[in-house]
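Nothing in this text is a laboratory measurement; each read-out follows from the coordinates by a stated rule. The shown structure was predicted, so the numbers you read here are calculated from the model rather than taken from an experiment. Counting neighbours? That spans all protein chains shown, and the Cβs are built from the backbone with ideal geometry, glycine included.
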Amino acid sequence: MGYLTVEKTALMSSLMEELDRTELGSIRNTVGQLFSVLNNPNVSAGDLTRIIEIDPPLVVKILSRANSAYYGGQKQIKTIQDSIVRLGLNEIREIVIAQKIFKFFTVGDSVGSYSGMKLWKHSIAVALMTKYIFNHQFGNVNKHVYTAGLLHDIGIIIENQFFEDKFRNVLALFSQLKKNLNEIEEMILGFTHADIGAYLAEKWGLPDSLLDAIAFHHNPSQSEYINRAMLLSLNLADQLAHHAKMGFADSKSNEASLNASIEEMGIRKETLTTIIQQVKKEINELENQGLI
Ligand SMILES: [Fe+2]
């Protein structure tokens with residue numbers, strides 16, 4: 001694929017073949033909540049979406065199914081809402097029943113500044129902030145943008161689940177050194193979470209613009225800009241989440257880079273402050289509802 005060097009692709013494909021398990025486990029809270037909602041005969045697509053759209057592994061599975069060869073030739077599906085329409089409630093029910101649960105997300109296990117729960121909160125915060133920044137700057141309600149934010153660090157979830165021992169080594173060094181996660185991943189794994197995330201996203205059949213978002217969320221200027229406005233919104237949201245200490249931060253907060261991104265986006269700092277407050281409020285509400 002165009003995103004990666006031949007060497008990296010070969011390395012990742014040999015590792016994934018060996019493991020032969022490319023199904024990401026989900027988060028217990030979400031799947032438990034979904035079971036009770038799915039048992040309600042009057043369940044609406046809106047009720048389902050609200051719970052599914054905060055669970056990155058489940059979003060991946062559903063998008064992957066909606067874009068599978070079975071529906072080949074049809075328009076690429078980029079949102080959970082459209083996936084539910086295409087697949088129907090029975091198929092969604094089957095996916096949820098078959099969904100594995102991965103304990104690392106819920107046991108509160110942490111290494112340095114990382115825990116699955118903190119990464120989860122970071123993913124939701126970035127999803128919401130990407131949506132609000134994009135909507136504010138481009139005047140467009142685009143649910144696809146939210147999905148890009150939610151999945152941008154899916155590669156970290158992959159490393160956590162498929163390469164746990166090496167991932168723990170990565171985290172141990174990350175807490176000791178003044179380097180970003182990317183640099184340490186390159187040293188220990190030979191690839192970054194952006195690389196492995198984009199690699200598997202392609203295998204799973206996710207839309208190209210999501211691959212682009214996952215591959216280049218740290219360095220948008222290197223992308224092919226399938227959706228430039230989305231990628232710049234996502235990159236700014238990611239930096240803001242690090243700056244505001246919302247969940248796990250895979251990069252050290254960098255004031256100069258943040259200011260450059262704010263300037264490039266042409267957004268006022270007051271607007272960003274309001275967006276951060278709004279996102280914090282929504283995350284609190286999700287916590288109060290027991291969803292995260
Ligand atoms: Fe990242």
- Counting only residues 5 or more apart in sequence or on a different chain, those whose built amide H sits under 5 Å from that of Ile101 are Ser26
- Item | Mean projected area in nm² (Cα convex hull; one quarter of hull surface) for the chain | 14.7 nm²
- Dipole moment magnitude, nearest 20 debye, the stretch 25-98 about Cα centre, only Lys, Arg, Asp, Glu C-beta charged: 140 debye
- Within the set Met117, Met230, Met265, GNM on the chain using Cα springs under 10 Å gives the largest fluctuation to Met265
- Task: Within the stretch 1-91, report the trypsin sites (Lys or Arg not before Pro) that DSSP leaves as loop and that have at most 16 other Cβ atoms within 10 Å.
- Result: Arg21, Lys75
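Once every DSSP H run of n ≥ 4 in the chain is given -39500 (n - 2.57) and the sum is divided by its residues, what mean residue ellipticity at 222 nm do you get, rounded to the nearest 500 deg cm²/dmol? Mind dumping the intermediate values first?
Working: 16 runs with 190 residues, N = 292.
Taken over the chain, the calculation gives -20000 deg cm²/dmol.
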- Item | ³J(HN,Hα), Karplus 6.51/-1.76/1.60, whole Hz, each residue of the stretch 81-97, x for Gly, Pro | 4, 5, 5, 5, 4, 5, 7, x, 5, 5, 5, 4, 4, 4, 5, 5, 5
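When every alpha-carbon pair in the stretch 25-98 is counted, what percent end up more than 20 Å apart?
Of the Cα pairs, 22 percent sit more than 20 Å apart.
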- the stretch 162-195: trypsin sites (Lys or Arg not before Pro) in DSSP loop, at most 13 other beta carbons within 10 Å: Lys178
- List the GluC sites (Glu not before Pro) within the stretch 185-276 that fall in a DSSP loop (any state other than H, G, I, E or B) and whose Cβ has at most 15 other Cβ atoms within 10 Å. Glu224
- Note on the structure: Given a Förster distance of 45 Å, the FRET efficiency implied by the Cβ-Cβ spacing of His243 and Asp165, rounded to the nearest 0.05, works out to 0.90
- Note on the structure: Measuring from its Cα centre, the chain shows a charge dipole (+1 at each Lys and Arg Cβ, -1 at each Asp and Glu Cβ) which, in debye to the nearest 20, is 680 debye
- Item | Student exercise, the stretch 159-292 dipole from Lys, Arg, Asp, Glu Cβ charges, in Debye to nearest 20 | 420 debye
- Query: Got a sec? Charge dipole of the stretch 111-288, +1 on Cβ for Lys and Arg, -1 for Asp and Glu; which of Ile184, Leu240, Ala194 is way out at the positive end?
  - Reply: Leu240
